[in-house]
Every structure is written in C-alpha cells, then in structure tokens.
Amino acid sequence: MRHLFRTAAVAALILAAPVAAGVPGLAWAQTSAPPAAASPSAEDTRFIGFLDAEFAQELTMRPQLATRLGLKVGEDRLDDISDAGLLARLEWRRGSVARMKAGFDRAKLSPTAQANYDIWAQELDRAELTYKFRRYQPPFYSFLYSVHSELPNFLINTHVAQDAADMAAYDARLRAIPAVLDTAIAQSKLSSAQGIRAPRFEVERVIAGSRTLITGAPFTDGPDSPLWADAKAKVGKLVAAGKATPAEADAMLADAKSALLSIAPAYQRVIAWGQGELPTAPSGRVGAISLPGGAEWYAAALKLNTTTDMTADEVHRTGLAEVTRIEAAQDALARQAGFADREAFYAGRAKLYPPQPWTDALRADYLARANAAIAHTRTLLPQWFGLLPAYRVEVVREPSFSEVAGGAAHAAGPSPDGARPGRVYVHLQGMTDDPADLYNLMCHEGIPGHVLQGDIQVRQTGTPKFRKGYGYVAYGEGWALYTEALCKEMGVYPDVAADFMRLDAELFRAARLVVDTGIHAQGWTEDQAVDYMIKTGRRPPDQARSEVRRYITLPAQATGYKIGMLKIMELRHRAEAALGPKFDIKAYDDLVVGEGSVPLLVLERGVDDWIARVKAG
C-alpha cells in the first residue's frame, strides 16, 4: 500500500475550491482555529471580502466541494460534469479574474494578499488547461477517480447525515447518480471518437466495481450492498442520537431503498458500455505518447501537477539522480546494521517477514497498530510545531467496491467542524507488507502528513475562504514526503528497519518520476514500467502493477510528490543557511503547513519573505 491524498482538489486536472459569505445559507461552522494572520489593511479586508463572495458563487456550482467543507449548500445535488457544466464554471472563473483585476491594484495589497491574488489568477490558467484537455481524462478513465466509484465513495465517506434533512439530501443524491453516469458514458464516447480510450484494465475494473455496487441487498440476495449498508448505518446513528424515532427511521430506510433501486439500471448501462469497449480497449503501450496530441497533453499535466515548468526530460533525469542518491543512503544504513548492502538487508527482512495473504486477524492487528502509531506521533508534535491538529483521526479499511490488491493508501482531511474526522484509508487485500513500513506510511498519510495539513487548512482564519479547499498535488504530497523525513528527526522510527523503510518509500517516489515520464514521454509499455517498479522501485508485483496502472490513467499526478518534497527541503536548507542560529524549525514547519495548499512558486516567495523578516528582526 502506498500514499495518496484523495480530495477533489488533488485529482489531476480537477479544480477544487472552498466557501464565502454573500449567498443565503452559506454559514461557516465556528471552530477553534490556528492563530489568525496579522490584522489586514482596509484594502486587504476589501479584497478578502471580494474573494469570499466570488468563492461563494463557485460553491453553488460545486455542491460536492461544499459538502467536503462541511457546508449544506446544494447538499441534495451532485456536480454537473457535462461539457456545459464545465464550460459554465470556466466562464465564471474568467469573469471572476477579470473582476479582480479591474477592482484591485496588486501593488497596493500586502504580500499575503498578493499571494492570494496570484493564486486566484493562476486558477484561471489551470482551468483553461483543464477544459482544453478534458477529453484526455474522461470520467471512467482514472484508476483512482473513476466516477462509477467516486460517487459512492463520496456519499459513504463525505456526506454526513446529522439529521433527517441530511438523510433526505443523501437520498436525493442517490437519485441523481443515474444522470451523472449517463453523462459520463456520453463523454467517454466523445473521447473514444478522438482516439482516447480507457485502457482495457480500467474498463474491466469499472465493470467489476459497478457489479459490486449493485450486488446484494436491496438489489439481489445476499449481504447488504455497500450503499445500502451505509444508508442503514447513517439512519442507525440518527436513532441512537435521538434524532429519529423508529417509525421515522423506517420511513427513511424505505426512501433510501427506493432511491438505491433507481440507480441499478444506470450501473447496468455502465456495465454495457464497458463490455462494448473491451474488444477495442488498448493495452500494452497505453501512455499519453500513444494518444493523438498526447505530448501536449502530458506537458500540461506536468504543469498542473508539479506547479512548475519542468519538462518531461527534466523530471526523468531528476528521478534517475534521486534513485542513485537514495540507493547509496540505503547501502550506508544497511552496513550500519551489519549487512553487506541494501540487497542483503532486503533479503534478511524478507526471511523474517515473508509476505502472506491478508486475513481478518491480520487486518485487525494492522489497523490497531496503525492507529496507535498515529496517536504516539501526535504526542511528539509540540516540539516541532506550534500549529497543532484539533480533530480526531482514524485509520480505516478501503471500501470493498474500490479496494484492490496493492492499492495506494490515501487520506482525507476532516471537515471544518470536525464532524467528519480525518481518515487514512488502507487497502488490505493481496499480500502483507513489511511491518516496519507502517511508521512511515502513517507519518505520510496521517500525522504530521496529510491529515495534520488538512486539519490546519480547514481551520485557517484571517485568510480568504477559498484557501480552505483548494489543493495542489506538489504542495500536498510534497509536504507529506517532507514529513516522512521530519519523522526521523522527531524520533518516530523505532529501529533501523523502520528508517530503512523510510528510504524505501522515498526510493519508490523517485522511481515514480522515472516511470511516469517513461510511460508518457518515452513510450514505455505497461510491463516495462512494472518491471522497473519491481526491480528499482522495490514494489511487490501486485503493488507494482496497481501503481503503474494508476500512473497510466493519471498522467503526471505521481510526479508531484517528489518534486514537491525536493522544493520544501530546498527551501528549508536555504532558510537554515541564511538564518544560522536564528533558524527555528517550529517556525519553519508552521510557516509551510500554515500556508495551506499553494503552488510551489507561491510557497517559495513566502519562505523568502519569512527569511527576510527574520533577518531584519
């Protein structure tokens, strides 16, 4: 299992955004929050008001994003993924940026407000690219974000039912699923007509996942289907909390069952679409380079995911250099532990902990150890951070309809009010990992990685509300990789094996740079990429296959991890060299995580400004 921060904002070429005043019903939950920024000037205050009002309008077009942020705006609707819906959002953003430039002089804003100005303007550039290349990411194409599984994931894990109205909205969203799936089929056909077809393995996955979702009660005999089990659990919690009587619960369940039965024909249509695609679905050489106009598409994907102008060749060379550096560090650590080299260390660990099939007992033990590891790391935070997480975090198993052997672990931050805790999702199918890998994984996904960052981001004060919800792969994943190294300094890793597996994880991310660019810019086949991930990335075969298929269907997304980490480490070294004894690790960590998710160039300007202020002080 490996690392991924799953939010709508992070999905490649999917733009996300948060909330604001000015629209009826758009009330933000009041929670404890990180310290507010310095009191803004009158012009900064006016600018924040403008951005909040603009963002409120965006949320009316993005009801699923509103739900992720704990808001009830449009909670009975799903996002419009049609071309018309995408174009409407693009035209709105064009108008919003034009209004910003007409109404505000950037030079008259504070450095913090200028960063917000730049991010808002840059989002238009990103939106233009996203719309231009929309055919390259049709709704069933992505191994991670295919709409057939993302909608149920969203309802189960994000739509919180705190009262009867929320449950009614849940049912309304169930009834809205068929229209979204039909739109997804239509868009996929448009992509196919341009020679952009989902790989065979992904079509097979869509078919299998769709069948799982409509198998079991109330669709067929057998155990409850995933959504029916979720509906029953949500209603059960309302009853337990005294928010629904047994009679009201029966009525809610009857409505949920009716809504569920309405989605079965749509999933059957998805299955039929998939079966029709299988005979011509590509396999083998399936990267962007194999698609018409794919080189231009991949360049855009790199720009969107790294928030830099790095070329595919530059990313590839960076990956190769990092592989060499990390392997040397592994050799040194292995010799320190009494082994000849890293190969001998890996062989010794394999003898001690040979992979074995997951069982219920092993799963329960893993989840218990993972939750305990996060709890322990949380106690160490005050020595390294001034900004601390406020909400609960839990490690849970990936839902059955999206779980795959070797699948990437991923995280979701809490809602702004904490009603939905931060979560780490792990795939527990296939074969087990080395147990020493757990500590690094929980640092990355949980504390002080993704969940801590998400917890602080949703509680920001004194900043425009869009900053609570926008996300950038290079920042978010770069931060999580940085915290893997930080956990070594914090003393999280209990032994040499755990530290060696930290390097193993870093090697894996470096190998991603090589493989992603190999697939999409150099014409590597799927099997060639899998072989590299097994031999150099050190992944087990099922994990290597799962990872490569993710890279194939999400071009460049996996490159943001190492590129982001390298930038955050570069900025820290710059600050340490410039400030000497004035450098404060707590202040640096707070600065980077407190910014919220930002493009790397914006982060760099922020660190440089901080260095100048500390020097002057």
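If you average the alpha carbon positions of the stretch 311-390 and of the stretch 391-447, how far apart do those two centres end up, in angstrom?
15 Å
Taking K and R as +1 and D and E as -1, what net charge do the other residues with C-beta under 11 Å from the C-beta of Gly418 add up to? Walk me through the intermediate numbers first.
On the way: positive: Arg392, Arg420, Arg459; negative: Asp417, Asp455.
Local charge sum for Gly418: +1.
Let's see if you can work this out: charge +1 on each Lys and Arg Cβ, -1 on each Asp and Glu Cβ, no other charges. What is the dipole magnitude of the stretch 42-283 about its Cα centre, in debye to the nearest 20? Provide the component values of the computation, followed by the final result.
Values: 29 positive and 30 negative charges, 106 e Å.
Computed about the Cα centre, the dipole is about 500 debye.
For a quick check: sort Arg613, Arg126 by the number of other beta carbons within 10 angstrom, fewest at the front. Spell out each step's value before the answer.
On the way: Arg613 10, Arg126 20.
The order, fewest Cβ neighbours first, is Arg613, Arg126.
If we count every other residue with Cβ under 14 angstrom of Arg200's Cβ, Lys/Arg +1 and Asp/Glu -1, where does the sum land?
Values: positive: Arg197, Arg205, Arg285, Arg545, Arg549; negative: Glu202, Glu204, Glu277, Glu526, Asp527.
Value of the local net charge: 0.
Hey, what did the stretch 353-422 get for relative contact order, percent, Cα under 8 Å, at least 6 apart?
That works out to 28 percent.
Show me, for the stretch 256-263, the HN-Hα J-couplings you get by feeding each phi into the Karplus relation (A = 6.51, B = -1.76, C = 1.60, θ = phi - 60°), rounded to Hz, glycine and proline as x.
4, 5, 4, 5, 4, 4, 6, 8
Would you please give the FRET efficiency between Glu204 and Asp365, computed as 1/(1 + (r/R0)^6) with r the Cβ-Cβ distance and R0 = 45 Å, to the nearest 0.05?
Numbers: r = 32 Å, r/R0 = 0.71.
Given R0 = 45 Å and the Cβ-Cβ separation, E is 0.90.
Sequence gap at least 6, Cα distance under 8 Å: using those rules, report the relative contact order of the stretch 42-283 to the nearest whole percent. Please report the intermediate quantities before stating the final value.
Values: 256 pairs, mean separation 51.7, N = 242.
It rounds to 21 percent for the stretch 42-283.
Less than 29 Å apart at the alpha-carbon level, and either on another chain or at least 8 residues along: which lysines does that give for Lys257?
Candidates past the 8-residue exclusion: Lys72, Lys232, Lys234, Lys237, Lys243.
So if each residue of separation counts as 0.36 nm, and I subtract the Cα-Cα distance between Ala390 and Leu261, what length gain in nm does that give? The partial results should precede the final answer.
Values: separation 129, 0.36 × 129 = 46.44 nm, distance 3.95 nm.
My answer for the length gained is 42.5 nm.
Using only the Cα atoms, work out Rg/Rh for the stretch 543-590, with Rh taken as the Kirkwood radius, to two decimals. Intermediate results must be reported in sequence, preceding the final value.
Details: Rg = 16.5 Å, Rh = 13.0 Å.
Taking Rh as the inverse mean 1/r over Cα pairs, Rg/Rh reads 1.27.
Explain nothing, just the number: dipole magnitude of the chain about its Cα centre with +1 on each Lys and Arg Cβ and -1 on each Asp and Glu Cβ, in debye rounded to the nearest 20. Don't skip to the answer; put the middle values down first.
On the way: 69 positive and 72 negative charges, 95 e Å.
Around 460 debye, computed over the chain.
P(r) for the stretch 40-91, please, calculated from all Cα pair distances in 5 Å bins and given in %.
Answer for the stretch 40-91: a P(r) of 4, 20, 21, 18, 16, 11, 6, 3, 0 percent.
How many times 2.2 N^0.38 Å is the alpha carbon radius of gyration of the stretch 291-415? The partial results should precede the final answer.
On the way: Rg = 20.5 Å, N = 125, 2.2 N^0.38 = 13.8 Å.
Working it through for the stretch 291-415, the quotient is 1.49.
In the stretch 366-457, what % of DSSP beta bridges are antiparallel (nearest 5)?
Values: 3 of 8 bridges.
Once the DSSP bridges in the stretch 366-457 are tallied, antiparallel ones form about 40 percent.
Starting from the Cα of Lys108, move 7 Å in the Cα-to-Cβ direction to define the label point; list residues of the stretch 456-491 whose amide nitrogen is under 16 Å from there.
No residues fall inside that zone.
Tell me the relative contact order for the chain as a rounded percent, counting alpha carbon contacts under 8 Å between residues six or more apart. Mind dumping the intermediate values first?
Working: 1020 pairs, mean separation 124.7, N = 617.
Averaging sequence separation for qualifying contacts and normalising by length gives 20 percent for the chain.
What does the net charge come to around Val160 if you take all other residues with beta carbon closer than 11 Å to its beta carbon, with K and R at +1 and D and E at -1? Could the numbers behind the result be given before it?
On the way: positive: Arg68, Lys72, Lys234, Lys237, Arg420; negative: Glu75, Asp163, Asp166, Asp417.
Taking every Cβ under 11 Å from that of Val160, the sum is +1.
Once you put a point 7 Å from the Cα of Phe583 and another 7 Å from the Cα of Leu320, both along the Cβ direction, what distance in nm separates them?
3.1 nm
Just subtract the alpha-carbon distance of Glu43 and Glu248 from 0.36 nm times their residue separation and send over the number in nm, one decimal. Walk me through the numbers on the way to the answer.
Working: separation 205, 0.36 × 205 = 73.80 nm, distance 5.14 nm.
Working it through step by step, the gained length comes to 68.7 nm.
Grab the alpha carbons of the stretch 42-283, take their convex hull, and tell me the volume per residue in Å³.
Numbers: hull volume 33.5 nm³, N = 242.
It is 138 Å³ per residue.
Roughly what percent of Cα-Cα pairs across the chain reach past 37 Å? Spell out each step's value before the answer.
Details: 61237 of 190036 pairs.
Result: 32 percent of Cα pairs exceed 37 Å.
Could you work out the pair-distance distribution P(r) of the stretch 399-528 from its alpha-carbon pairs, with 10 angstrom bin width and percents rounded to whole numbers?
Spelled out per bin, shortest first, that is 11, 33, 36, 17, 3, 0.
Testing the spin-label approximation: label points 7 Å from Cα along Cα→Cβ at Asp224 and Lys535. State their distance in nm.
Roughly 4.9 nm, to one decimal.
With r defined as the distance between the Cβ atoms of Ala240 and Ala179 and R0 fixed at 30 Å, what FRET efficiency is calculated, to the nearest 0.05?
Numbers: r = 33 Å, r/R0 = 1.11.
Rounded to the nearest 0.05, the efficiency is 0.35.
Tabulate in residue order the Karplus-calculated ³J(HN,Hα) for the stretch 306-319, using 6.51 cos²θ - 1.76 cosθ + 1.60 with θ = phi - 60°, rounded to whole Hz; enter x for Gly and Pro.
Once rounded to whole Hz, the list reads 9, 6, 10, 9, 5, 8, 4, 5, 5, 5, 4, 5, 4, x.
Going down the list Lys303/Lys567; Lys108/Lys562; Lys488/Lys562; Lys189/Lys468; Lys303/Lys535, which pairs span over 26 Å between their C-alpha atoms?
Numbers: Lys303/Lys567 15 Å; Lys108/Lys562 36 Å; Lys488/Lys562 18 Å; Lys189/Lys468 35 Å; Lys303/Lys535 29 Å.
Over 26 Å apart, Cα to Cα: Lys108/Lys562; Lys189/Lys468; Lys303/Lys535.
Just how large is the dipole of the stretch 510-617 about the Cα centre, in debye to the nearest 20, putting +1 at every Lys and Arg Cβ and -1 at every Asp and Glu Cβ? Could the numbers behind the result be given before it?
Numbers: 16 positive and 15 negative charges, 31 e Å.
With only Lys, Arg, Asp and Glu charged at Cβ, the dipole is about 140 debye.
Quick one: pull the percentage of alpha-carbon pairs in the stretch 109-215 with a separation above 23 Å. If you can, show how the numbers build up before the last one.
Numbers: 2704 of 5671 pairs.
Pairs farther apart than 23 Å: 48 percent.
What are the ³J(HN,Hα) values, in whole Hz, obtained from phi via the Karplus relation 6.51 cos²θ - 1.76 cosθ + 1.60 with θ = phi - 60°, for each residue of the stretch 452-469 in sequence order, with x given for Gly and Pro?
So the Karplus estimates, Gly and Pro as x, are 4, 4, x, 4, 5, 4, 6, 10, 4, 10, x, 10, x, 5, 5, 5, 6, x Hz.
Coordinate-derived values only; no laboratory data. In this text the structure is predicted, and so the values were computed from the model without any measurement. Glycine also receives a Cβ, built like all others from the backbone with ideal geometry; neighbour counts cover every protein chain displayed.
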